[in-house]
Amino acid sequence: MDTTLDLSRIGLRGRESAVEASFAAALSPMDARDYDEFVTKARAGHYSQSRAWASVAEAAKPVSPYYFLLRKNGRVIGAALVLRAKIAGVPLPLAQVERGPVVDRIEDLPEVLEALKSATLRHGIARLSVMPYWHTAPAEVGQKLAALGFTDHQSFAGRHARSLRLDLTSIDPADPFAAPGLAKVRQGVKRAERAGATARKAVPADLAAFRRMHEELQSLSGKALPQQGWYDALAEYFFASDTRGAAFVSEFEDEPISVILITRHGGIATYALGASTGKNFKFNKMMLPMAHAILWAKSVGATTFDMGGIPMEGDPDPKRASIAEFKYAFSHTEISLVHEHVRWF
């Protein structure tokens, strides 16, 4: 194993400020605590930047995860889960920060990115992809990235840059979908239930059904099938904590027809993954489990439910458009996100 990348730490001290950056394959107990707290509480925090998600990311593709942490005057101002690409165990000069780096203030982003650039350069990384998770001012963040030499690399098939959000504070558990704006959800739930479909919170054994349906979808799309390790990592992430993640399965005539995976990060619950059978029914296969997921999210303290992305304007893909139509039943509150940006050093 390449040990040269396990730990890098540099401190820069001036008369008015002290800046300390760390770049490590494993964090000290203090750094791990600070990293977790910052990524959870920061306004630009996202579950895919959490340490818990690192094992899922590593199992999904050939990468090595590293953690970046920047302190200024003893206070954390930036953090990132950096995924360095590799081939046959050999590290490549390419790295990606999915939905990061994490900052709590937009004005800290240039300093955080400069420190991240320096840290990655010292470890032989020449190309860095970033995508800060900031929806209140995505254009401003994009301008800051451009000023630092990053170029917009967003594509229709890339990570979503638009999404829909549902305000959970307005949901009454006694009659959760009574609001006029949720009429399609209410009708869809009743249609599925009248047909005999059911939904429940999943257990780890239900991931076998998720795997079958997911692999069927991957094969139909001509995509490579994930390794067993990815499904194992999903099981660990979504079932290890009752409040961090959950899965919901819908069944019809005693057969699973869909499974969805939901994660909660801070006050936001997000639809992360889903798969359904190729069979057609007279009801939407995903409606019941999504409705159950929303109620679970509210029960564990989430205040916002993110539908997990909708296509960019102009996206010609009919499948993504169909998925978006389903999601619009739950919310019409759109948010725009920062595009993926790339820089060669």
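Bear in mind that the values in this text are calculations on the coordinates, not laboratory data. Since the structure is predicted, the reported quantities are computational estimates derived from the model, not experimental observations. Every residue, glycine among them, receives a Cβ derived from its backbone with ideal geometry; neighbour counts consider all protein chains shown.
Averaging Cα coordinates gives a centre for the stretch 277-333 and one for the stretch 192-234; these two points are 16 Å apart.
Between the helical axis of 207-220 and the longest alpha-carbon principal axis of the chain there is an angle of about 80 degrees. Converting phi to 3J(HN,Hα) with the Karplus coefficients 6.51, -1.76 and 1.60 and the offset θ = phi - 60°, the stretch 147-159 yields 5, 8, x, 8, 10, 5, 10, 5, 9, 4, 8, x, 4 Hz in sequence order, with x at every glycine or proline.
A cut-off of 5 Å between modelled amide H atoms, ignoring neighbours fewer than 5 places along the same chain, links Leu92 with Ala85, Lys86, Ile87. Across the chain, the fraction of Cα-Cα pairs farther apart than 34 Å, rounded to a whole number, is 27%.
Per the Debye calculation on the stretch 65-135 with a single equal scatterer at every Cα and no solvent contribution, log₁₀ I(q)/I(0) for q = 0.25 Å⁻¹ amounts to -1.13. Applying a threshold of 30 Å to the alpha-carbon distances of Lys223/Lys282; Lys86/Lys279; Lys144/Lys184 flags Lys86/Lys279; Lys144/Lys184 as lying beyond it. Can you tell which of Leu148, Phe238, His265 lies farthest toward the positive end of the dipole of the chain, using +1 and -1 charges on the Cβ of basic and acidic side chains (Lys, Arg; Asp, Glu)? Checked the options; the winner is Leu148.
For the stretch 243-255, putting each phi into the Karplus relation 6.51 cos²θ - 1.76 cosθ + 1.60 with θ = phi - 60° gives couplings of 10, 7, x, 7, 10, 9, 10, 10, 10, 9, 6, 6, 10 Hz, in residue order, rounded to whole numbers and with x for Gly and Pro. Would you please classify the overall shape of the stretch 162-336 from the alpha carbon gyration tensor, given that a ≥ b ≥ c denote the square roots of the eigenvalues, rounded means a/c under 1.5, and beyond that prolate means a/b larger than b/c while oblate covers the rest? Rounded, since a/c falls under 1.5. As a length-normalised measure over Cα pairs under 8 Å and 6 or more apart, the relative contact order of the stretch 162-336 settles at 35 percent. In the chain, the DSSP-assigned H stretches of four residues or longer account for a calculated mean residue ellipticity at 222 nm of -9500 deg cm²/dmol, using -39500 (n - 2.57) per stretch and the full residue count as denominator.
The GluC sites (Glu not before Pro) found in the stretch 126-221 include none that occupy coil by DSSP while having at most 12 further C-beta atoms within 10 Å.
Per-residue 3J(HN,Hα) values for the stretch 288-305, derived from phi via the Karplus relation 6.51 cos²θ - 1.76 cosθ + 1.60 with θ = phi - 60°, read 5, x, 5, 4, 5, 5, 5, 5, 4, 4, 5, 5, 9, x, 6, 10, 9, 10 Hz in sequence order (x marks Gly and Pro).
Taking trypsin sites (Lys or Arg not before Pro) as candidate sites, keep only those in a DSSP loop with at most 11 other Cβ atoms within 10 Å, then name the longest stretch of the chain containing none of them. For trypsin sites (Lys or Arg not before Pro) (loop position, at most 11 other Cβ atoms within 10 Å), the longest site-free span of the chain is 16-222. Around the amide H of His153, modelled in the peptide plane, lie the amide H atoms of Glu340, His341, Val342, all under 5 Å away and 5 or more residues distant in sequence or on another chain. In the stretch 7-152, one over the average inverse separation of all distinct C-alpha pairs is 15.3 Å, which is the Kirkwood hydrodynamic radius.
Computed from point charges on the beta carbon alone (+1 for Lys and Arg, -1 for Asp and Glu), the dipole magnitude for the chain about its Cα centre is near 180 Debye.
State whether the stretch 221-261 is rounded, prolate or oblate according to the following rule on the C-alpha gyration tensor (a ≥ b ≥ c being the square roots of its eigenvalues): a/c under 1.5 gives rounded; otherwise a/b larger than b/c gives prolate, and the remaining case gives oblate. Oblate, because a/c is 1.5 or more while a/b does not exceed b/c. Taking each residue as 0.36 nm, the span from Ala321 to Leu217 lengthens on full extension beyond its C-alpha to C-alpha distance by 35.8 nm.
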